[in-house]
Structure formats: structure tokens, C-alpha cells
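Right, one structure below, let's go through it.
The values are calculated or read from the model by the stated rules, or taken from the named source; none is laboratory data. Only a predicted model underlies this, so the values are computations on that prediction, with no experimental measurement involved. Heads up, the Cβs are rebuilt from the backbone with ideal geometry, glycines too, and the neighbour counts pull from every protein chain shown. For the accessible areas, the whole protein counts, side chains as well, though only heavy atoms, and no ligand, DNA or RNA atoms are used. Shrake-Rupley method; radii C 1.70, N 1.55, O 1.52, S 1.80 Å.
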Amino acid sequence: MGSEQSQQSLENDLAFLRSQTGQDENTIKEQYRIFKQDCPNGELTLFDFVRVYQELFPTEHGEEFCQHVFRAFDTDNNCLLYTSPSPRDATLS
């Protein structure tokens, strides 16, 4: 039963990410694989956040924007962001 719940949770998370990003399942899984390679413990530093963001969205003021976003999510001010158990837990809405 736990395996069925886990599979359903995974399917729900993938459906949510597809609807929020417009990306297909393979792209989402590949991005997750790369994230886990870069941040195997699930912690994201400001440096890592800026690097990844600028790779995806290169803009003139990208680093400044990233610093603001990072501070908004770094609620305990420890200079780390943690992955949540479910991507839906990390939404702004």
C-alpha cells in the first residue's frame, strides 16, 4: 500500500510541475537528476542558486534578482535553501 501511495504522490508532483512549468515529464526528471548531482544533500546555497538561475535565465541583473528571491525563501537566514518533500510545498500561492 505504501508503494501505491508513493507512486500516486510522484504522479501528483509530476502533474503539478508540468502544469506550473509547461515542461514535459522527461525534462522535469532530467532537471531533477542534474539538481541531485549538483546538490546531493538537497541544500542550495546562494552561489548555487545564482549559478543555476543564470544558466536558465541569463539576464543583465540576474544576480541581483536571485539575491532578493533567495533571501525571501531563506526564512531562517542560514544561507541555505532546502528542497521540500513535495514541490507543491514550495509554491508562492
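State log₁₀ I(q)/I(0) for the chain at q = 0.15, 0.20 Å⁻¹ as given by the Debye formula over alpha-carbon point scatterers of equal weight, solvent excluded. Log10 of I(q)/I(0), two decimals: -0.69, -1.18.
Computed over protein heavy atoms with a 1.4 Å probe, the carbon and sulfur contribution to the accessible area of the chain reaches 54%. A Cβ-based charge dipole, computed about the Cα centre of the chain with Lys and Arg at +1 and Asp and Glu at -1, lands at about 120 debye. Mean residue ellipticity, 222 nm, helices only, the chain: the sum of -39500 (n - 2.57) across DSSP H runs of n ≥ 4, divided by residue count and rounded to 500, is -20000 deg cm²/dmol.
As a calculated quantity, the FRET efficiency between His61 and Glu11 at R0 = 30 Å, using C-beta atoms, amounts to about 0.20.
Local charge for Leu46 was computed over the other residues whose Cβ lies under 9 Å away, with Lys and Arg +1 and Asp and Glu -1, and equals -1.
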